[in-house]
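Beneath this line is the structure, given in structure tokens, with notes to follow.
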């Protein structure tokens, strides 16, 4: 095998700088997607038909279209339609956040519906406002039920963030491609990036397992 890992050693710091870019997209998108996902899940269980219809239609659209298409539409079409020169970071966070929220909303909705109805009825009978009941009683219990699914969504989001390389963001994938093109060696930098992604995913998995154990002990 004609491998030359020694030739990419000087470029390793340049590739590693892409970790922060990848994490920046992932963390911002995860936060935005989680918050918007909560709103959508509440819309789905709402008695207001217009809100329910909107949330269901929203989820259907993002489930039925490729993520890379959504990213291209946001990054290339927004300037054409609005005149606003959107940055790669803004386009990535908006696209991944909106897309992730569609899936998260279903997960949260399932978690909320899994909470014993008796607790909801008891809270309402005691005069607890709906908003306070959801924040203090229902959502904390739902979160325990959906934690594994949320971790899976976060891992998927971390890996999907590599798509921002298609709009010029200097993430791990983009930097590996630049190094590969400059040295005419693609296998070595891509393998390095694969190892980095694997380590980040394993780190996220270990953190999630630790959080699960703590939550089980607190029951």
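Computed from Cα positions, the angle between helix 187-218 and the longest principal axis of the chain comes to roughly 20 degrees.
Principal-axis analysis of the Cα atoms of the chain puts helix 18-44 at an angle of about 20° to the longest axis. Of the options (1) 18.7, 58; (2) 17.4, 62; (3) 20.9, 73, only one is Rg and Dmax of the Cα atoms in Å as computed from these coordinates, and that is (3).
In the chain, the longest principal axis of the Cα atoms and the axis of helix 88-114 are about 40 degrees apart. Take the Cβ-Cβ distance between residue 80 and residue 135 as r, set R0 to 41 Å, and report the resulting FRET efficiency rounded to the nearest 0.05. For R0 = 41 Å, the calculated efficiency reads 0.50. Reducing the stretch 55-121 and the stretch 161-219 to their Cα centroids gives an inter-centroid distance of 22 Å.
Extending 7 Å from the Cα toward the beta-carbon at both residue 7 and residue 73 defines two label points whose distance is 4.2 nm. For the chain, relative contact order (Cα pairs under 8 Å, six or more residues apart, normalised by length) works out to 29 percent. Helical runs (DSSP H, four residues minimum) scored at -39500 (n - 2.57) apiece and divided by the length of the chain put the mean residue ellipticity at 222 nm at -24500 deg cm²/dmol. Each peptide in 109-119, 169-179 was scored by the mean count of other Cβ atoms within 10 Å over its residues; highest first, the order is 169-179, 109-119.
None of the figures in this text is laboratory data; all of them are computed from the coordinates on show. As the structure is a prediction and not an experimental result, all values here were calculated from the model. Every residue, glycine among them, receives a Cβ derived from its backbone with ideal geometry; neighbour counts consider all protein chains shown.
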